[in-house]
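One structure is given below, encoded as structure tokens.
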Amino acid sequence: MKSPLSPASSFLLLALTLGAAACHTSATSQSSGTQDEAAATACDAAALETLTKTLDDERDAWSPSLGRALQPGPRIVEALRAACPAPHVESIINLLEPNPDAFGIAASHRPRNAVYAERLCPQVGTIASELPELAGPERPGALYDRCDLSATTSIAKTSFTAAQMAAGVVDILSLRFALADAGVNQAVATTLSEHAAIGAAPPLRIPPNLKLPAVPSGRPLSTATVDAAVAVDEIVTEGEVFSWEQPGPVFDMLADRAEPRKGSTPVFLIAVDRDLPWSKVSEFEAIAKKAGAAGLNVLVLTDDRFYPYRSVALPAEGDPTKSVAEVLAASAK
């Protein structure tokens with residue numbers, strides 16, 4: 001026959017029983033909380049996989065003959081914001097915005113993003129601090145080489161330098177790690193981060209109806225600023241639209257653009273519709289040179305599927321009855 005428990009022993013047994021129950025409840029609650037937190041910060045992996053396949057298909061189908069470059073940036077930002085609530089992903093998405101501070105990402109997530117960047121490019125902070133010592137055009141290539149990006153990305157160095165990539169692109173490429181931590185397949189995350197990086201290249205302001213000429217090759221752009229867009233029916237500069245019957249205002253606008261560059265050799269970058277008759281190009285060239293331009297570079301498209309924009313010097317002469325595309329094709333032979 002069991003001895004009855006003393007009041008003190010009974011109290012101790014009750015306390016242990018309640019304590020064990022409380023620990024079990026706490027552990028269950030903590031486990032549930034961890035699962036809830038993981039669910040709240042997980043990305044919609046299926047949606048991002050679909051987006052990445054669409055972007056891959058579009059890039060594979062693209063050719064310079066279309067007259068326009070792909071512009072996936074805004075669509076990528078929209079899709080990532082919808083699919084990824086994780087703050088450490090959001091703080092990288094913020095870098096894709098024209099105004100990176102627009103969404104006020106909490107500083108507490110930046111150290112985690114710095115870790116991601118260093119996984120992609122050890123010593124990225126030191127490298128970024130030393131890049132300003134180089135001439136502007138040399139910086140993207142130096143960044144690419146020192147971060148050994150040829151081993152971690154499918155973006156070729158020629159595309160990287162042509163897109164004038166700055167040190168911040170390492171943060172965008174490191175999006176692959178943030179997405180993988182949020183449940184996205186690593187291969188999908190890597191490819192999507194590359195689309196995002198190219199989508200974050202400096203935008204070029206070109207009228208939507210203007211189709212650029214295609215050429216086999218050209219020089220990397222020295223600027224992302226288009227001084228004028230010259231179409232069949234209009235000339236656009238500084239956001240203002242003029243008809244061909246308004247050479248005076250066009251001259252004034254171009255002269256204002258040339259003024260700050262006096263003392264150097266102002267060369268204008270122009271976007272010219274590929275179907276524009278060469279006689280019209282000669283007419284615009286006369287106005288531009290009178291306004292102070294020493295020369296003109298023409299914005300063109302190459303078959304670089306990542307970043308096709310390049311420039312070529314405006315040919316000294318061309319058949320006035322031919323189109324821009326025809327004259328440039330002839331001069332490239």
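Quick one: in segment 118-145, which of the residues that are of a type outside the set (A, V, I, L, M, F, W, C) and crowded, with 16+ Cβ neighbours inside 10 Å is farthest from Ala189 (Cα to Cα)? Going through the qualifying residues, I end up with Arg139. The condition (being more than 15 Å from Asp227 (Cα to Cα) and crowded, with 18+ Cβ neighbours inside 10 Å) is satisfied by just one residue among Leu276, Leu269, Leu296: Leu276.
Which residue out of Ile155, Ile198 is among the hydrophobic types (A, V, I, L, M, F, W, C), within 18 Å of the chain's Cα centre (by Cα) and under 16 Å from Arg310 (Cα atoms)? Exactly one of Ile155, Ile198 is among the hydrophobic types (A, V, I, L, M, F, W, C), within 18 Å of the chain's Cα centre (by Cα) and under 16 Å from Arg310 (Cα atoms), namely Ile198. Total residues in segment 162-221 satisfying the condition of being among the polar types (S, T, N, Q) and either in a helix (DSSP H, G or I) or in contact with a Gly (Cβ under 7 Å, 6 or more places away or on another chain) (or both): the figure is 4. Screening the candidates Arg139, Arg81 for the property of being over 30 Å from Ser222 (Cβ atoms) and modelled with pLDDT of 85 or more yields one hit, Arg81.
Is it fair to say Asp56 is modelled with pLDDT of 75 or more, of a type in the set (Asp, Glu) and either surrounded by fewer than 17 Cβ atoms within 10 Å (Cβ to Cβ) or not in a helix (DSSP H, G or I) (or both)? The answer is yes for Asp56. Could you list, in sequence order, the residues of segment 213-223 that are crowded, with 19+ Cβ neighbours inside 10 Å and closer than 18 Å to Gln164 by Cβ? Within segment 213-223, Gly218, Leu221 qualify. Looking only at residues in segment 31-53 that are of a type in the set (D, E, K, R) and surrounded by 12 or more Cβ atoms within 10 Å (Cβ to Cβ), the one that is modelled with the lowest pLDDT is Asp44.
The values are calculated or read from the model by the stated rules, or taken from the named source; none is laboratory data. Predicted model only: the values in this text are computed from it and were never measured. Positions of Cβ are generated from backbone atoms using ideal geometry, with glycine treated the same way; all protein chains shown enter the neighbour counts.
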